[in-house]
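My structure is below; once you've seen it, I'll send some questions.
The values are calculated or read from the model by the stated rules, or taken from the named source; none is laboratory data. Just so it is clear, the model here is predicted, and its values are computed rather than measured. Note that we place each Cβ from the backbone using ideal geometry, even for glycine, and neighbour counts take in every protein chain shown.
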Amino acid sequence: MNIKTVIKPLLNLSDSFLIDNLKIYISFAYSTIYIKIINTLTFINYELFIYESDIIDSKFKINELYTFIHKSLKKEDNHIFTCNINSTSMNIELNAVFNLYFTLKYELKLDKKDNIQSEQVINENINKDNNNNLIIVEQIKKDYDNILIKYNALSDIINSCEISIGHANFETSIFNTLLTPILNEMLNINNLISQYQSKPTHIVLYFSKIKKLLNLKKICVNKQVSIILYDDITNSIINNKLLDDYCKSKNIEIILL
């Protein structure tokens, strides 16, 4: 059995560039935007972390905000920025013009940091973060592959096992539990009945066992023999409509022979 699962990739973007005497590093990973700006004239650096939970502006999702900030700081595609530096922070106003008439403005405040790192140290930290992210992604893929292998193996075991079917004749007070195999995604109760000289008047289906058959596509029953749907957890008979509704929701076909 195979299942199709799409893993959403972990977005990990970064860029560094020099513009207007500012050395800018911006990255986006794990729903967090990080901005570091170094004034190359004063050698003072400023930093800002933007987390997904911080965004209250409905215009942006976190990835869209990263794209807007990135383009504005690089002054690309009609995006620009201006900055004002004071004793404690760098205040940046981002502007973008869309379709020649729509203007979007956004303000950022980067806090001043006392100790500046050398560009070599910054690059080392960037490479270290990227390597750590790569290791995490590879481990997630490895864990997913292991889980998928175990899931498929368990699914094959479940769907190749025999299932207990109740064989009941209330007139003679005979009740037996029989086993029937699951073949080609089909539960053939009619075939089970035909194996016995004295056909049972009732077949008891254990609903909890039916629900464990992940590959089940068809249930073949004999229209001359009534089906009793049994809840073996509460030890009670339940309405057959429950089986019909369940089969419809799972695209399982009930065939009367």
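If you go through segment 234-246 one residue at a time, how many are surrounded by 11 or more Cβ atoms within 10 Å (Cβ to Cβ) and in contact with a Leu (Cβ under 9 Å, 6 or more places away or on another chain)?
5
List pairs: first residue in segment 106-121 and closer than 27 Å to Ile80 by Cα, second residue of a type in the set (D, E, K, R) and modelled with pLDDT under 85 anywhere in the structure, Cβ distance under 9 angstrom, at least six positions apart or on different chains.
As it stands, the answer is Tyr106/Asp57; Tyr106/Lys59, since those pairs meet every condition given.
Checking the structure you have, find out if any residue of segment 206-213 is surrounded by 13 or more Cβ atoms within 10 Å (Cβ to Cβ) and at pLDDT 80 or above.
no
Taking interchain pairs and intrachain pairs at least six residues apart, which have beta carbon atoms under 7 angstrom, with the first residue in segment 58-83 and over 16 Å from Phe102 (Cβ atoms) and the second part of a helix (DSSP H, G or I)?
Ile62/Glu52; Phe81/Ser72; Phe81/Leu73
Is it the case, given these coordinates, that Ile122 is in a helix (DSSP H, G or I) and modelled with pLDDT of 90 or more?
no
Rundown of residues vs (1) part of a strand (DSSP E or B); (2) of a type outside the set (Phe, Trp, Tyr), yes/no style:
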| residue | (1), (2) |
| --- | --- |
| Phe17 | yes, no |
| Ser27 | yes, yes |
| Tyr34 | yes, no |
| Ile38 | yes, yes |
| Phe68 | no, no |
| Leu73 | no, yes |
| Thr82 | yes, yes |
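Residues of segment 216-257 being assigned to a loop (DSSP other than H, G, I, E, B) and within 12 Å of Ile203 (Cβ to Cβ), which ones?
Asn222, Lys223, Gln224, Val225, Asn240
Assess whether Leu10 counts as being part of a loop (DSSP other than H, G, I, E, B) and modelled with pLDDT of 85 or more.
Taking the combined requirement at face value, the residue does not satisfy it.
Please determine, by comparing only the residues of segment 88-102 that are of a type in the set (A, V, I, L, M) and loosely packed, with under 14 Cβ neighbours inside 10 Å, which one is nearest to Tyr46 (Cα to Cα).
Out of the qualifying residues, it is Val97.
Out of all the residues in segment 38-57, which are crowded, with 17+ Cβ neighbours inside 10 Å and free of Cβ contacts under 8 Å to residues at least 60 places away in the same chain?
Answer for segment 38-57, where residues must be crowded, with 17+ Cβ neighbours inside 10 Å and free of Cβ contacts under 8 Å to residues at least 60 places away in the same chain: Asn39, Ile50.
Moving to a separate point now. Does Ile227 satisfy the condition of being more than 30 Å from Asn152 (Cβ to Cβ), in the same structural domain as Leu187 (by TED's automatic domain parsing) and either loosely packed, with under 14 Cβ neighbours inside 10 Å or touching a helix residue (DSSP H, G or I) at 6+ places or on another chain (Cβ under 8 Å) (or both)?
For Ile227, the condition - more than 30 Å from Asn152 (Cβ to Cβ), in the same structural domain as Leu187 (by TED's automatic domain parsing) and either loosely packed, with under 14 Cβ neighbours inside 10 Å or touching a helix residue (DSSP H, G or I) at 6+ places or on another chain (Cβ under 8 Å) (or both) - is met.
State all residues of segment 103-117 that are modelled with pLDDT under 65 and surrounded by 10 or more Cβ atoms within 10 Å (Cβ to Cβ); if no residue qualifies, say none.
Ile116, Gln117
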